[in-house]
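The values are calculated or read from the model by the stated rules, or taken from the named source; none is laboratory data. These numbers were taken from a predicted model, which means no experiment stands behind them. Neighbour counts run over all protein chains shown; Cβ positions are idealised from the backbone, glycine included.
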Amino acid sequence: MYRPLFAIGLLALVFGCCFPLANPGRMPRDGPAVSPQAPADLRNVRDVAAFLRSHAPPRVADELIRLVRPSIRLRHAPESQSPRRPAPIQLGGAPELPPELTWPTHDGYPLSFIAQVRLEGISNLCPQCPLPTQGILFFFYDAQGSPWGFDPADAPRWRVLYQPGVSRVARREPPKTAPGTAFPAVALIPTLEWVPPPLDSASASHLAVTTQEQAHWLAACEALDPDTTPNAPKHRLLGWPDQVQGDMQLQCALTSNGLNTGNPSGYSDPRAKLLGASAADWTLFLQIDSDDTARMMWGDAGRLYFWIRNADLARKDFSKVWLVLQCY
């Protein structure tokens, strides 16, 4: 059963709150330095909501709260942990594919297997997340060619597949013809977070926020980020991205409709204004960071971002996913 996406915004509006927040994107730090004290219990939604509201510009606080989304943060499982069942999320290794599913290819070469997500575990953790409640999602990418997602012709170079049932799946090793881009298996542990939008995203860029207000908001978000491990990979499912180079919603809306966004011509094209009106329809699907343990390096310590339209997610149509690679 699919859980409607509108319930997410309704939940945020009703409770006016969020859970541990991720960095909402790079923003100026002008204005007085602030070191806010986060609530002691980040699971207490009322305390977290009060904290967030106290650092949000009052005139746009309600709108920012409505944009808060649930996100599943994915961290490495302890090495000593030996789960009896398959990990709910796995990077690399051998995916659990049904026999009838063909390994995706591009130009005759197999795409690299990036991750799989067992949805039952996610549904139990986040009933309000807009995902199917059963089955497995598989994410593939051309790790050899490393497309950035600027060129509309790149669309066949990544793939997201969905298997509704799990009774007939079995581990399948990557094809031997893969050109050195198979990754070791790394189990990930999911935890629920609530994340705010980047202020430069298509969904929030219309808000009139001053530089000083941005600085206070960013400091509050950083205070609520529970990750204290230096350089820990930031993998996540759904929510909002941990941006490296700015907004991606507009890029997805334009490039998926045939405009090359690798240079200014795509953004100045006469069709860009009309296509850009739908930019806020795109939502983060999966974010995969560079990860030493998984031997994944995206550009210069960058991240892969799989994006999907809200309507396609609601229909379980994973054939039109767009991908963006950003790095430092």
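Looking only at the stretch 297-312, decide whether some residue is of a type in the set (Gly, Ala, Ser), modelled with pLDDT of 95 or more and out of contact with any strand residue (DSSP E or B) (no Cβ under 9 Å at 6 or more places or on another chain). Within the stretch 297-312 (the criterion being of a type in the set (Gly, Ala, Ser), modelled with pLDDT of 95 or more and out of contact with any strand residue (DSSP E or B) (no Cβ under 9 Å at 6 or more places or on another chain)), the answer is yes, since at least one residue qualifies.
Would a scan of the stretch 226-238 turn up a residue that is in contact with a Gly (Cβ under 9 Å, 6 or more places away or on another chain) and in a loop (DSSP other than H, G, I, E, B)? Working first, answer last.
Step one: of the stretch 226-238, the residues in contact with a Gly (Cβ under 9 Å, 6 or more places away or on another chain) are none.
Looking for residues that are in contact with a Gly (Cβ under 9 Å, 6 or more places away or on another chain) and in a loop (DSSP other than H, G, I, E, B), one finds none in the stretch 226-238, hence no.
Listed by first and then second residue, the pairs linking a residue in the stretch 309-324 that is over 18 Å from Trp240 (Cα atoms) to a residue that is in a helix (DSSP H, G or I), with Cβ atoms under 7 Å apart and 6 or more places separating them unless they lie on different chains, are Lys320/Asp312.
Of the residues in the stretch 71-81, at least one is in contact with a strand residue (DSSP E or B) (Cβ under 8 Å, 6 or more places away or on another chain), modelled with pLDDT under 85 and either surrounded by fewer than 19 Cβ atoms within 10 Å (Cβ to Cβ) or at positive phi (or both). Within the set Pro241, Pro233, the sole residue that is touching a Phe, Trp or Tyr at 6+ places or on another chain (Cβ under 7 Å) and either farther than 18 Å from Pro152 by Cα or surrounded by fewer than 18 Cβ atoms within 10 Å (Cβ to Cβ) (or both) turns out to be Pro241. Ala280 fulfils the conditions (1) small (Gly, Ala, Ser); (2) over 18 Å from Phe113 (Cβ atoms); (3) buried (at least 20 other Cβ atoms within 10 Å of the Cβ) except for a single criterion, (3). Of all residues in the stretch 187-221, those satisfying the criterion of being polar (S, T, N, Q) and either more than 17 Å from the chain's Cα centre (by Cα) or surrounded by fewer than 18 Cβ atoms within 10 Å (Cβ to Cβ) (or both) are Thr191, Ser205, Thr210, Thr211, Gln212, Gln214. The sole residue among Phe318, Phe285, Phe306 that is over 11 Å from the mean Cα position of the chain (by Cα), among the hydrophobic types (A, V, I, L, M, F, W, C) and closer than 21 Å to Ala115 by Cα is Phe318. Cβ separations smaller than 7 Å between residues 6+ apart or across chains give the following pairs from the stretch 137-149 residues that are modelled with pLDDT of 95 or more to residues that are of a type in the set (Lys, Arg) and part of a strand (DSSP E or B): Phe140/Arg159.
When Ala219 is tested against the conditions (1) in contact with a Pro (Cβ under 7 Å, 6 or more places away or on another chain); (2) of a type in the set (Gly, Ala, Ser); (3) within 29 Å of Phe140 (Cβ to Cβ); (4) at pLDDT below 90, the lone failure is (3). Does Ala182 meet the test of being within 21 Å of His106 (Cβ to Cβ) and in contact with a Gly (Cβ under 8 Å, 6 or more places away or on another chain)? Yes; evaluated as a whole, the condition is true for this residue.
Among residues of the stretch 191-213 that are farther than 19 Å from Arg69 by Cβ, those with a beta-carbon under 6 Å from a residue that is among the charged types (D, E, K, R) and in a loop (DSSP other than H, G, I, E, B) at least six positions away or on a different chain give the pairs Thr211/Asp30.
Do the conditions hold for Ala301, that is, is it at positive phi, touching a residue at least 24 places away in the same chain (Cβ under 8 Å) and in a loop (DSSP other than H, G, I, E, B)? Considered against the rule, which asks whether it is at positive phi, touching a residue at least 24 places away in the same chain (Cβ under 8 Å) and in a loop (DSSP other than H, G, I, E, B), Ala301 comes out as yes.
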